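This report concerns only the one structure given below.
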Amino acid sequence: MNYEELCISPDSSIKEALRLLDITAKQILFVVDSQNHLLGTITDGDIRRGILKDVILSAPIKSVMNIYPKTIQFNIDKSSILKCMKANKLRYLPVVDASGKLIDVIAQDDLSFCVQRDNIVVLMVGGLGTRLRPLTDDCPKPLLKIGNKPILENILESFIDSGFHRFYLAVNYKAQMIEEYFGDGSKLGIEIKYIHEKKRMGTAGALYFLPEKPVEPVIVMNGDLLTKLDFGELVDAHRNTNAAATMAVREYSYQVPYGVINCEEDRIISIEEKPEQTYFVNAGIYVLNPEVVAKVNKEEFFDMPELFSEIIGEGKKAGIYPVREYWLDIGRLDDFERAQMEFGKL
C-alpha cells in the first residue's frame with residue numbers, strides 16, 4: 001500500500017489529522033519526524049479520548065498520539081505477521097528498520113488473501129537424528145532451533161504461507177516433546193494430528209496409518225528439510241502434468257577429477273579433461289494421488305523410491321518437479337551450522 005499518504009508530522013493539529021483520516025479512509029495515521037522515524041500512531045479512538053480530556057482541536061497530535069504502537073521489522077515471515085495482527089486485532093502494522101524508520105505498512109487484508117488448500121500434508125519427523133548427536137540426545141531433531149524457531153515450525157510456516165492447514169506428523173523418537181510443543185496446531189491457526197510409528201516405517205510406510213482416505217493429492221515431506229519452495233505451485237504442477245505421483249528433485253553436479261577416456265574397443269575416440277556430470281537427485285518432497293497412497297496397504301517398512309518404482313512398473317506417470325529455490329537437508333552438524341547462517345537471512 002502507499003503508506004506515505006498516511007504519514008503526518010507530530011506538530012500537525014488534531015483537526016488536520018481528522019481531515020486526513022477522512023480523506024484516506026484507513027482509520028489510522030503514522031506520526032513521523034523529518035527523517036521518517038516512527039514516533040507514534042493516531043486513530044479516531046485516540047482523538048476521541050483526547051477530546052474527552054478537553055484537548056482542543058488546534059492542539060498538536062503529539063498530545064494525543066499512541067507513542068507505543070505495535071511495529072514489526074522487515075525480515076519477519078508472513079505467518080508470524082498475520083498471527084501478530086490477529087492477536088492484537090490490528091488492521092495495519094507499520095514496518096520499521098533497525099533505526100526505527102518507517103519503511104512500509106502491512107494491511108491484514110493483503111496477508112489474508114491466500115487460497116486455502118485442503119490437501120493433507122504428512123511430515124516425517126520420527127527419526128533419531130543420530131548424525132546430529134549430541135544435539136539430539138535430549139531433543140528431537142524437529143525441535144532444534146534455526147534462529148529462534150524449531151526446524152519443524154519453520155517448515156510448517158512455509159506450508160501455511162502457501163495456504164495449507166491440514167497436517168499429520170509421523171512421530172517416534174521423543175514424540176511427546178513434539179506433541180507438547182505443537183499441540184493440535186491451533187496456536188498456528190492450523191490442524192495438526194499425529195501418526196505414531198511403533199517401529200521404523202520408511203519414508204512411505206507411515207501412510208498406512210493415515211486414519212482417513214484422502215480425496216486430494218497428499219504432500220509427503222521429510223521433516224529435516226528447509227526450503228523456500230512454493231508448495232502450492234508444486235501441487236498445481238502435479239495436477240497439470242496428470243502424474244500419479246510427483247517427486248521434487250534437485251540438480252547435483254559432480255566433477256570427475258581425472259581425464260575421462262571415451263573409446264570403442266581398443267581405440268580412443270576422445271578425451272574429456274575433468275568433465276562435470278549433472279544429475280537429478282531426490283529432494284525428499286513428494287505429491288501422491290489418493291490411489292497411490294492406497295498402495296501403502298501393509299504395516300511394513302516402505303521407502304518412497306520403492307513406491308515410485310512400483311508406479312513406474314505399472315506404467316503410470318511418475319513426474320518430477322525441479323526445485324530451484326533454497327533447499328537444505330539438515331542431516332549433519334555442518335548442515336545445521338550452515339542453516340543457522342543462511343536460513344535466517346532468507
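Values in this text are rule-based calculations from the coordinates and carry no lab data. Owing to the predicted nature of the structure, the values given are computational and were not obtained by experimental measurement. Here Cβ is always computed from backbone atoms with ideal geometry, including for glycine, and neighbour counts include all displayed protein chains.
Remark: spin-label model distance Ile320-Lys62 equals 6.3 nm, labels positioned 7 Å along the Cα→Cβ axis. Which residue, chosen from Cys263, Cys7, Pro142, occupies the Cα position most advanced towards the positive end of the dipole of the chain, where the dipole is computed from +1 (Lys, Arg) and -1 (Asp, Glu) charges on Cβ about the Cα centre? About the Cα centre, the residue reaching furthest to the positive side is Cys7. In this structure the amide hydrogen of Phe164, modeled in the peptide plane, comes within under 5 Å of the amide hydrogens of Arg117, none closer than 5 places in sequence on its chain. Farthest toward the positive end of the dipole of the chain, out of Leu39, His165, Phe308, is the Cα of Leu39, where the dipole comes from beta carbon charges about the Cα centre.
Two numbers describe the Cα atoms of segment 249-346: Rg and Dmax, which are 19.8, 55 Å.
Within the set Lys15/Lys89; Lys174/Lys199; Lys141/Lys228; Lys70/Lys228, which residue pairs have Cα atoms separated by over 24 Å?
Pairs exceeding the cut-off: Lys15/Lys89; Lys70/Lys228.
Taking the fewest neighbouring Cβ atoms within 10 Å as the starting point, the ordered list for Tyr92, Tyr254 is Tyr254, Tyr92. Summing Cβ point charges (Lys, Arg +1; Asp, Glu -1) relative to the Cα centre of the chain gives a dipole of roughly 1260 debye. Debye calculation, C-alpha points only, no solvent: report log10 I(q)/I(0) for the chain at q = 0.08 Å⁻¹, in the same order as the q values. Result of the Debye calculation: -0.55.
Overall form of segment 141-184: oblate. Here a/c, set by the Cα gyration tensor axes a ≥ b ≥ c, is 1.5 or more, and a/b is not larger than b/c.
Per-residue Cβ neighbour counts within 10 Å put Cys263, Cys84 in the sequence Cys263, Cys84, beginning with the fewest. Taking other C-beta atoms within 10 angstrom as a stand-in for reagent exposure, Lys70, Lys198 fall in the order Lys198, Lys70, fewest first. Dividing the convex hull volume of the alpha-carbon atoms in segment 3-112 by its residue count gives 93 Å³ per residue. Antiparallel beta bridges, as assigned by DSSP with both residues in the chain, represent about 60 percent of the total such bridges.
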